[in-house]
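Written out below as structure tokens is the structure these notes cover.
The values are calculated or read from the model by the stated rules, or taken from the named source; none is laboratory data. Computed from a predicted model, the values in this text were never measured in an experiment. Positions of Cβ are backbone-derived with ideal geometry, glycine not excepted, and every protein chain shown enters the neighbour counts.
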Amino acid sequence: MPLLGPGACQAAGKRRVHVGPSLLLSAGVALGSWIAIVPILLIVPFMVRRTLIEERMRADALPGYVGYMQRVRSRIVPGVW
């Protein structure tokens, strides 16, 4: 089964796993509670670690995933990482 490009993955909602918790955690900052930054700073390293582990597993299990990773550089924040 061929891997889909970035547009197809975004259309299928693949980023929701990372975006949902990010939006939930940033809601406190958006409402003016700067203490809400603490949980964000604690959780972000775990999200990055999880992403790296998942990508390593997919690269081992799915033929063509390495090529997909080279084409699609953004992992959590489009255009950043």
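Residue check: ASP60 meets all listed conditions (1) at pLDDT 85 or above; (2) surrounded by 14 or more Cβ atoms within 10 Å (Cβ to Cβ) but one, namely (2). Can you confirm whether the range 18-39 contains a residue that is in contact with a helix residue (DSSP H, G or I) (Cβ under 8 Å, 6 or more places away or on another chain), of a type in the set (A, V, I, L, M), at pLDDT 65 or above and within 26 Å of GLY64 (Cα to Cα)? Within the range 18-39 (the criterion being in contact with a helix residue (DSSP H, G or I) (Cβ under 8 Å, 6 or more places away or on another chain), of a type in the set (A, V, I, L, M), at pLDDT 65 or above and within 26 Å of GLY64 (Cα to Cα)), the answer is no, since none of the residues qualifies.
Among the residues making up the range 29-71, those that are without any contact (Cβ under 8 Å) to a residue 60 or more places away in the chain, small (Gly, Ala, Ser) and either on the phi < 0 side of the Ramachandran plot or touching an Asp or Glu at 6+ places or on another chain (Cβ under 6 Å) (or both) are ALA30, SER33, ALA36, ALA59, ALA61. Can you find even one residue in the range 63-76 that is surrounded by 11 or more Cβ atoms within 10 Å (Cβ to Cβ) and modelled with pLDDT under 75? For the range 63-76, residues surrounded by 11 or more Cβ atoms within 10 Å (Cβ to Cβ) and modelled with pLDDT under 75: present.
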